[in-house]
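First the structure, in the form of structure tokens, and then the observations on it.
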Amino acid sequence: MLKKLFQSFRFPLRRLPHRRVPDVLTARQHSLQRGDISRYAVSVVERLQQAGYQAYVVGGCVRDLLLDIEPKDYDVATSATPEQVRAEFRNARVIGRRFKLVHVHFGREIIEVATFRADHPQDEDDESPLAVRNESGRILRDNVYGTLEDDAQRRDFTINALYYDPLTERILDHTHGVHDIRNRLVRLIGEPTQRYQEDPVRMLRAVRFAAKLGFDVERHTAEPIRQLAPLLRDMPASRLFDEVLKLFLGGQAEQTFELLLEHDLFAPLFPASAEALARDPQYVGTLLRQAMINTDIRIAEGKPVTPAFLFAALLWPALPARVQQLQAQGMPPIPAMQEAAHDIVWEQCQRTAIPKRFSIPMREIWDMQERLPRRQGRRADLLLENPRFRAGYDFLLLRESAGEKTGGLGDWWTRYQEVGDSERRAMIRDLSGEKSSSGPRKRRRGGRRRTGAGAADSE
């Protein structure tokens, strides 16, 4: 496919340094067509160009279309400032402080418009409120505007620095991004250490794009990641939560997980789970990989996935050791489970700020693991009616697939959901060692004893 897309464009035989004069691909040299682009993105570009500004469709949407992937959204880069963009569109609003953007709304679709950025001043005396770095070099504010050429050099990866003009149908390539698409490489623009220090999340993005596209992380781009991975600890927890969702809910969670481990990026995100993985790589590794595989399968089948289940799996390996510590101090099992869960969630939220709409059902999934073995009397039916039963049951099967010994608990619950009412009663009696020929039992207050219909049919 890629050979066909770019067959009329001659690539350099060796890697050339980034330069100000771009490669220009005409409509005959690439596969993009104006009709492939969102009509709203085309409309925004046309309006801005008619107003006298430069404007292009840019970034991941251009990359994805060249790879025959349907883009999730469309971005536009322009020489117009955010205020000038807003003045052109009634349906626009300026957002952000660290990186000021404009969202132009067309019903449910949003076209994100960014002004061309320039390099930050390196001299501390040249710092301004528009360009702020912290002591480690991380960019805290990025509103220094520049030219199209400046903007191309400020983008993160070469494959994301392609500018498409839907009017002329040309692609402008300042960083040899088309070359890297052809060679299936994720390559950082500029000096890698500096660029990661500016924004450590770029390390996670490198891994995410490599997993999503099936690319390799270029050698110089990958080389400093392990050393700089601890920089992620200083990133805002809310931003890292969003990045984790992108990492694991994009349909390539398993490959992403392997790349995070390869580049030592998993521990800064999930320190307690990384410790558990080091203690018991067989069990923890199997459980986490199976959780990722299950997530990828559900996404491929178009089924819903919830971050609550994903985080339940990611953090579960750290839980048993904490529970055992508390029980060793004399705390009963259930309170020990609850306190350990509270501590682990609190600690994790210091790294990735899990909203309560996910952390509460996550803890309920864990709680179900304590309740599922308690099946006597009417408890099994009450558990079956619990809105968290399905997630808790799926999580039980996940634990068993990783090698946990539960005494056949997963098989029992699987069968209990499949058989009829009389067979369910027999399964409950079997748990307490009762037989169908046993004498009458004393009735419980508030309910009537139900007689069974014999043992369940053998499978």
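Some observations on this one:
- Cα shape, region 200-259, gyration tensor, a/c 1.5 rule: oblate
- A cut-off of 5 Å between modelled amide H atoms, ignoring neighbours fewer than 5 places along the same chain, links Phe157 with Ile189.
- Residue-by-residue Karplus 3J(HN,Hα) for region 56-71, coefficients 6.51, -1.76, 1.60, Hz, glycine and proline x: 9, 6, 9, x, x, 5, 5, 4, 5, 5, 5, 9, 6, 10, 6, x
- Placed amide H near Tyr145: partners under 5 Å, 5+ positions off or other chain: Ala118
- Scattering profile of region 177-278 at q = 0.13, 0.19, 0.24 Å⁻¹ [log10 I(q)/I(0), Debye over alpha-carbon scatterers]: -0.43, -0.94, -1.44
- Label positions at Glu169 and Gln417, each projected 7 Å from the Cα along the C-beta direction, are separated by 5.2 nm.
- Centre separation in Å (Cα based) which lies between region 262-283 and region 18-53: 44
- Cross-link pairs Lys72/Lys246; Lys356/Lys405; Lys303/Lys405 - those with Cα-Cα distance over 22 Å: Lys356/Lys405; Lys303/Lys405
- Highest mean packing first, where packing is the average number of other Cβ atoms within 10 Å per residue, the peptides 273-286, 328-341, 35-48, 205-218 line up as 205-218, 35-48, 273-286, 328-341.
- Annotation: the residues Arg379, Arg424, sorted from fewest to most other C-beta atoms within 10 Å of their own C-beta, follow the order Arg379, Arg424.
- Integer Hz, Karplus 6.51/-1.76/1.60 couplings in order for region 211-227, x for Gly and Pro: 5, 5, 9, x, 9, 9, 7, 4, 4, 5, 5, 7, 4, x, 4, 4, 5
- J(HN,Hα) series, region 29-45, from Karplus relation 6.51 cos²θ - 1.76 cosθ + 1.60, nearest Hz, glycine and proline x: 10, 8, 9, 5, 10, 3, x, 6, 8, 3, 5, 6, 5, 4, 4, 5, 4
- Taking the fewest neighbouring Cβ atoms within 10 Å as the starting point, the ordered list for Thr221, Thr81 is Thr81, Thr221.
- Prolate/oblate/rounded call for region 246-295, Cα gyration tensor, a/c under 1.5 rounded: oblate
- Entry note: region 200-332 has Rg to Rh equal to 1.00, where both radii use alpha-carbon atoms and Rh is the Kirkwood radius.
- Rounded if a/c under 1.5, otherwise prolate or oblate - region 383-428, Cα gyration tensor axes: oblate
- For Val186, nonlocal amide neighbours, meaning residues 5 or more places apart or on other chains whose placed amide H falls under 5 Å from its own, are Asp216, Val217, Glu218.
Read the figures in this text as sums done on the coordinates, not as results from a lab. Remember, predicted model here, so these are calculated numbers, not experimental data. Glycine gets a Cβ as well: all are built from the backbone with ideal geometry, and neighbour counts include every protein chain shown.
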